[in-house]
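Heads up: the structure comes next, in structure tokens.
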Amino acid sequence: MSRPLRAPRIVLPSLLALAFAGCGGQEAPPAAPTDNTPVDAPSQRLDWPLPATGPGSSAPDLVAGPDGLLVLSWINSRQGRRHAFQYSRFDPAAQRWRNAPTTIAIGNRMFVNWADTPHVLPTPDGALWAHWLQTRGDAPYAYDVVLARSRDGGANWSAPIPAHDDGTATEHGFVSMWAQGGGLGLAWLDGRNTGGGQADADGGDHAAHAGAPMTLRAAVFDANLQRTVEHEIDARVCDCCQTAAAVTGRGPVVVYRGRTEAEVRDVMLTRLENGAWRAPARVHADDWTMPACPVNGPSVAAQGDAVLVGWYTAAGDTPRVQLARSDDAGDAFADPVVLDSGPAVQGRVAVAFDQVQAWAVWLREDDAGGQSLWLSRRSPDLATEYERIELARLQGRGRATGFPQLQVLGGQAYVVWTDVIDGAPQLQGARLVR
């Protein structure tokens, strides 16, 4: 997916990593805050020892399951070895990892990309779903989204199936997933109309598209991995920005970066309701005209009909991170809050909700201090910032550090990111306790 140009002063950032450790030796969990703890009381930042992911690990994904556990997944790539897609589950109540790193898939055909990463999703029936990218034939930028399911908590996995049936040697990726009935909903960027392409002149990761635009599609799969319905949601979208999904009281929403014929690349939202996707609409009219994909997609979280979206824009040549809230499942959004702005802002936003606050993490980079990872904790209406914390200083730079991940459970925020240490990517983690 092409990225031949970037806006001035937009540097694609990295994810940092803190200390990693094995499954044992966790510190005792701190006492839970009492009901009368002031919401603006400062948090305590603690290292979050991760499982033994080891050097070569990157592309983290972090999701909260219906059983109250966190699922961390990642790609491990070591020189001379095949890529391995792995995961582990964390119990926040006991503050321990339930299993050592467990492999979902391994192989030479796995397509590994710094921005287009795989995901794992636990569903209420106890199943685990996983997707990753797999190359098609010999074309360097032709790959499929493949999907697998485990009925037994990850001990055994089905054979992977393609998530789409177009059969074209084009790009498919940037997936988001959600529980849908007794199965899975999945949205992805689909290049079936692009006619393929060739590598960017600057050596980028994505193809230069000569045909029709990239599209956004979605499908529903039952427990037997049978595709039951598929829709084209948007016929023209930004080529290589992440999609994100959350489930509201009125159905799942998907957010993504749109693309008009005039190259306006603002963040869009659509919702699945009564079996149909509503017409996509802008979260906010940034009117960011951008001649190429910024590789910097939005994030979304939901609590009932409340929806929180965080995203990056550089409209008016001013890079910034913005948050906006909807109280009607995404039908309309209040004016966004500018979380951060200026040349150092990199974006790579992740957001989360709990009952009493909204959370966001994002990346910055400047010539003097390098890359840094920041967290903001705000009131649910976003009007008041309770605290702003620099979570970490990163050693890595640019693409190699990827995208940070955020989840909130039991009033604690869990953050995972990638750093480059001694030349190798490694996962790091932190948690915030009140």
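The values are calculated or read from the model by the stated rules, or taken from the named source; none is laboratory data. From a predicted model like this one, the values you see are computed outputs, not experimental measurements. Note: ideal-geometry Cβ built from the backbone for every residue, glycine included; neighbour counts use all protein chains shown. Note: areas computed on protein heavy atoms with side chains; ligands, DNA, RNA excluded. Shrake-Rupley method; radii C 1.70, N 1.55, O 1.52, S 1.80 Å.
Before moving on, here are some points about what is shown:
- Pairs linking a residue in the stretch 145-159 that is part of a loop (DSSP other than H, G, I, E, B) and open to solvent by less than 10 Å² (accessible area, probe 1.4 Å) to a residue that is of a type in the set (D, E, K, R) and at pLDDT 95 or above, with Cβ atoms under 9 Å and 6 or more positions apart or on different chains, are G154/R89.
- Filter result for the condition that a residue is among the hydroxyl-bearing types (S, T, Y) and either out of contact with any Gly (no Cβ under 9 Å at 6 or more places or on another chain) or part of a loop (DSSP other than H, G, I, E, B) (or both), over T260, T228: T260
- Residue among A352, A360, A334 that alone is in contact with a Gly (Cβ under 8 Å, 6 or more places away or on another chain), of a type in the set (G, A, S), within 29 Å of A279 (Cα to Cα) and at pLDDT 95 or above: A360
- The lone criterion from (1) surrounded by 13 or more Cβ atoms within 10 Å (Cβ to Cβ); (2) acidic (D, E); (3) at pLDDT below 90 left unmet by D61 is number (3).
- If you go through the stretch 243-280 and pick out every residue that is in contact with a strand residue (DSSP E or B) (Cβ under 6 Å, 6 or more places away or on another chain) and on the phi > 0 side of the Ramachandran plot, you end up with 2.
- Filtered residues of the stretch 117-144 (kept if of a type in the set (S, T, N, Q) and without any contact (Cβ under 8 Å) to a residue 40 or more places away in the chain): Q134, T135
- Qualifying residue in the stretch 413-420 (condition: open to solvent by 40 Å² or more (accessible area, probe 1.4 Å) and either aliphatic (A, V, I, L, M) or in contact with a strand residue (DSSP E or B) (Cβ under 7 Å, 6 or more places away or on another chain) (or both)): no
- Summed over the stretch 94-111, residues that are open to solvent by 20 Å² or more (accessible area, probe 1.4 Å), under 18 Å from A64 (Cβ atoms) and part of a loop (DSSP other than H, G, I, E, B) total 3.
- The set of residues in the stretch 293-328 being in a loop (DSSP other than H, G, I, E, B) and crowded, with 20+ Cβ neighbours inside 10 Å consists of C293, P294, V295, N296, G297, P298, A314, P319.
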